[in-house]
Amino acid sequence: MTKTDQDYILSIRDVSKSFPGVKALDSVSMDIRRGSIHGIVGENGAGKSTLMKILSGVYTRDSGTIVFDGEEIKSITPHESMQKGLSIIYQEFNLVKTMSVGENIFLGRFKEMKGMRGTHEKARELLDSIGCNISTHKLVSELSVSERQMIEIAKALSFDSKLIIMDEPSSSLTTEEMRKLVDIINQLKEKGITIIYISHKLDEIFQLCDTVTVMRDGQVIDTRPISEYTRADMISMMVGRTIENEFPERPNCVGDILMEVRSLNTRKLRNVSFKLRKGEILGLVGLVGAGRTEIVRAIFGADKVKNHEILIEGKPVRIRKPSDAIEYGIGFVPEDRKIEGLVLPFAVDTNITMACLDSLTKYGFLNESSEKGIAQKHVDALDIKTPSLKTRVENLSGGNQQKCIVGRWLEIKPRILILDEPTRGIDVGAKYEIYLLMKKIVEDGGSIILISSELPEVLNMSNRVLTICDGRITGEFDPTKTSADEIMASAIGLCGEENEYESNYESAI
Ligand SMILES: Nc1ncnc2c1ncn2[C@@H]1O[C@H](COP(=O)(O)OP(=O)(O)OP(=O)(O)O)[C@@H](O)[C@H]1O
Ligand SMILES: [Mg+2]
């Protein structure tokens, strides 16, 4: 045991880690001040999550030293690191969906809690301490993403954590939920808990962090107090070049009506009707749970819906399952890439070409060189960081996994591309690339339905915006003429006014 400077809870010195074909961390050093909120930013694949997984004992480092709370950590298991007071909330959550909230918080520690009753009582106390009123008996599978995150935070608190690492905690949260998270993080800081906060959303980094480290290609570029960065500095340090604008010029090629959706009704949705034009980017804005994803899943045939009508180019079409939708030229980049998008144990090339396998197969045999060519094209275009086309997708960084799905749908050149949170977890540079691709799709005559919780993204990219609240369309806006506040007000506030939107609908379009 060596003593370290009392000011720092964690000192990382010259830590390196390689995976086959990649040097994920190259002599990384960093000091984390006690009681601070320390941000880490960097492009997809920069090594942020790998470093955190080394700290929490999921991976072992190849070399380097780590001193946590005055004690040198030689090797550690995830359980030991939690017991020492270091907790991590992963980019992809780590909860058991079939178990209750209380059981998840105290998993493996029911005895310590004196049985189930004690477990639920203590879980209640922890959840109350962060202002969260979810029942401890609810199953995790019934919770929203933001609720699951609260459970992860309660779990970290249950170990009396001194340091909590949050790896992209906000990537699935809406503005409201984010506000709540900011409050909780500030409360944790007041209690003296140190936070490492990883995010691609620079607004949050500037709002929350005291100190920020920028990483690129497995190395630390710099660590500075937040006051010594400008947004532009930070971005250019992350990507290694200067980026002038975060959004390209808005595409302007809206044509005739391509698709019409009439009377979409489900348990959640109430009489959703709208039109989508050729060459249009139509943004859907609403809180998580408002029904945005339900709308697009219904159009794609992913959920069973009765008695609604969909017309494409004026002709009624029947879409009962996703393959019908693909047949009509509809593509879908889903919200939860792990569940509905990627086949994790499969290689990068297979994941990219999955939606166009029919065209790659002749007499039941796959044309491997075409598969390779197509996959390589998207790996290059989207700058997907992978050691090879045969690397399993599960070994890619979070953002690079997302790029694989985007590549898959670009390949089938859909007439209508549905993008549900397409840039979640994607770094600034790659976001811009995705915006350019969206622009190209509509310029080539395709149409896009865009769902995003990042309001600036919807407002800067869409030609028209529909607000969704409580399963209903509550408004329609031209984002060049309406303020963000007005659009948000409609997404949150106009819920009570039944048929408000419908009365304007025909005249508006
Ligand atoms: N288990 C693994 N096997 C092989 N390669 C891996 C593994 N885990 C990570 N890598 C590679 O290490 C590099 C760093 O990945 P890491 O997940 O740390 O990036 P990140 O900075 O967290 O990116 P993101 O912002 O996309 O989450 C990437 O090139 C990734 O492909
Ligand atoms: Mg990561």
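Overview of values
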read-out	value
Flag if ASP167 is among the acidic types (Asp, Glu) and within 14 Å of ligand 1 (Cβ to nearest atom)	yes
Only one of ASP324, ASP336 that is out of contact with any helix residue (DSSP H, G or I) (no Cβ under 7 Å at 6 or more places or on another chain), surrounded by fewer than 23 Cβ atoms within 10 Å (Cβ to Cβ), within 14 Å of CYS404 (Cα to Cα) and free of Cβ contacts under 8 Å to residues at least 24 places away in the same chain	ASP336
Flag for GLU502 being modelled with pLDDT under 90, more than 25 Å from PHE300 (Cβ to Cβ), charged (D, E, K, R) and touching a strand residue (DSSP E or B) at 6+ places or on another chain (Cβ under 9 Å)	no
Test: residue in segment 435-443 that is closer than 23 Å to GLU168 by Cα and either buried (at least 21 other Cβ atoms within 10 Å of the Cβ) or within 18 Å of the chain's Cα centre (by Cα) (or both)	yes
Scan of segment 299-336 for residues that are modelled with pLDDT of 90 or more, within 29 Å of LEU173 (Cα to Cα) and touching a Lys or Arg at 6+ places or on another chain (Cβ under 6 Å), ordered by number	GLY301
GLN219 vs. criteria touching an Asp or Glu at 6+ places or on another chain (Cβ under 7 Å), closer than 22 Å to ILE40 by Cα and of a type in the set (S, T, N, Q)	yes
Subset of segment 177-195 that is outside any loop (DSSP other than H, G, I, E, B) and in contact with a Gly (Cβ under 8 Å, 6 or more places away or on another chain) - its residue that is nearest to ASP167 (Cα to Cα)	THR194
Residue within segment 24-38 that is assigned by TED's automatic domain parsing to the domain that holds GLY218, within 9 Å of ligand 1 (Cβ to nearest atom) and more than 24 Å from GLY192 (Cβ to Cβ) present	yes
Boolean, ALA46 is in the same structural domain as ILE221 (by TED's automatic domain parsing), touching a Ser or Thr at 6+ places or on another chain (Cβ under 6 Å), within 16 Å of ligand 1 (Cβ to nearest atom) and not aromatic (Phe, Trp, Tyr)	no
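The rows are residues; the columns are (1) within 16 Å of ligand 1 (Cβ to nearest atom); (2) surrounded by fewer than 23 Cβ atoms within 10 Å (Cβ to Cβ); (3) basic (Lys, Arg); (4) modelled with pLDDT of 85 or more.
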{"site": "GLY373", "(1), (2), (3), (4)": "no, yes, no, yes"}
{"site": "LEU382", "(1), (2), (3), (4)": "yes, yes, no, no"}
{"site": "PRO387", "(1), (2), (3), (4)": "yes, yes, no, yes"}
{"site": "ARG392", "(1), (2), (3), (4)": "yes, yes, yes, yes"}
{"site": "LEU419", "(1), (2), (3), (4)": "no, no, no, yes"}
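The values are calculated or read from the model by the stated rules, or taken from the named source; none is laboratory data. These figures come from a predicted structure and were not determined experimentally. For neighbour counting, all protein chains shown are included, and Cβ atoms are generated from backbone atoms with ideal geometry for every residue, glycine included.
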